[in-house]
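**Student:** So that we are looking at the same thing, I have put the structure below in structure tokens.
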Amino acid sequence: MAQHIAQKLRLTSALLGTVTRKELAAAFRAVNPKTAFDLGRADKWLQGRAQPREHSVYDDWAKLLRLEHPGAWIADCDLPDFTATISDRHGVDRAELERRASTQFETAFTHEERSQANALAGIYACYSRAWSPYYRGQFIKGILSIEPGPGLHGLTATYRESLPTGQLVLGGPVTPAKRALYVHLKEVGGDAQFFISLFPQSQPGSVLGGYMCGTAIIGPEAQPSLTRILIVRLRAPVPGAASWGGYLLPDQSISGDLASLGITIEQPEQVDRQLTRFLVGGSDGGVHQIPPTEFRAILDVFDRHWLRHSGQGSVALDG
């Protein structure tokens with residue numbers, strides 16, 4: 001399965017010294033005038049929103065880099081192996097190549113890309129079901145921060161939970177795609193990893209929802225785990241947000257908890273029932289999928305609240 005295509009293309013461009021997508025496409029045509037490397041589709045490939053489906057693109061790519069490996073290797077290899085291989089093949093310092101790749105297209109983002117980054121950037125309150133067997137049936141709260149990042153990723157996220165064992169902090173790239181929004185988080189100073197798959201963001205971007213998977217942090221055994229998650233955008237500064245979190249009992253009000261963060265929802269009891277149903281939703285024959293209509297109903301609540309209170313302040317993290 002092809003992986004890290006956007007990063008590999010940027011590294012290739014940095015190696016070749018091509019500044020624009022048009023120049024990169026011309027380099028592919030130089031090795032094969034009939035190449036399937038298309039300038040229009042290259043925009044999505046470089047954004048990580050799609051990847052080449054034609055095997056011939058990878059074959060042309062291998063010729064372009066003068067590699068001894070076949071094109072399929074470029075598609076399948078991991079990013080460190082790709083970087084090391086092309087650096088060694090062309091006698092380029094690896095750190096310098098990565099530095100050049102990280103800035104190669106920073107000034108070439110389209111208006112759509114910049115708008116998407118600005119729309120997602122902010123601070124969010126997160127609610128999901130606790131994975132630990134010691135807190136079964138409770139919800140756990142977390143803080144997610146999304147901000148524009150340098151280099152290959154475009155957007156980066158930091159996720160925090162306040163656990164009885166101390167602060168859990170994870171970070172990683174945010175990848176918007178046509179049919180989903182992905183967040184891959186790795187623990188700072190540890191080996192825990194969470195993967196979050198969300199419905200695509202819609203304007204005005206008041207709430208995100210989907211699934212988070214990983215392994216329970218607190219428990220006697222390793223347990224691969226999956227939970228629905230709601231990610232609510234905060235508008236006002238949150239004092240002590242860096243340490244905010246903990247557990248929420250099923251009979252405690254999520255709306256009341258959000259009110260403490262400056263989000264006061266009308267008809268809180270009705271919304272609480274709606275949010276709880278969403279978070280505790282089950283599976284269908286072992287397949288976990290959220291009906292789009294179920295999430296849209298929650299989206300409607302938070303979008304209306306966001307629009308009613310637009311222009312009343314910006315989000316900031318006050319740790």
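The values are calculated or read from the model by the stated rules, or taken from the named source; none is laboratory data. Note that the coordinates shown come from a computational prediction; the quantities given were computed from them, not determined experimentally. All Cβ positions, glycine included, derive from the backbone under ideal geometry; neighbour counts span all protein chains shown.
**Student:** Considering only residues that are outside any loop (DSSP other than H, G, I, E, B), of a type in the set (A, V, I, L, M) and buried (at least 18 other Cβ atoms within 10 Å of the Cβ), which ones fall in the range 252-278?
**Tutor:** Hits for the range 252-278 are ILE254, LEU258, VAL271, LEU275.
**Student:** Then there is this: Do we find a residue being of a type in the set (D, E, K, R) and surrounded by 20 or more Cβ atoms within 10 Å (Cβ to Cβ) anywhere in the range 161-182?
**Tutor:** Yes, that holds for at least one residue.
**Student:** Taking the stated definitions as given, is GLY71 at positive phi and either of a type in the set (Gly, Ala, Ser) or buried (at least 17 other Cβ atoms within 10 Å of the Cβ) (or both)?
**Tutor:** In short, no.
**Student:** Could I ask something else about it? Confirm whether ILE123 is within 30 Å of LEU9 (Cβ to Cβ), part of a strand (DSSP E or B) and at pLDDT 90 or above.
**Tutor:** no
**Student:** So in the range 271-319, with the set limited to residues that are among the aliphatic types (A, V, I, L, M) and farther than 22 Å from SER202 by Cα, which one is modelled with the lowest pLDDT?
**Tutor:** LEU317
**Student:** Looking for whichever is farther than 28 Å from VAL301 by Cβ and at pLDDT below 90 here; the options are PRO204, PRO224, PRO150. Which one fits?
**Tutor:** Every option except PRO150 fails the conditions.
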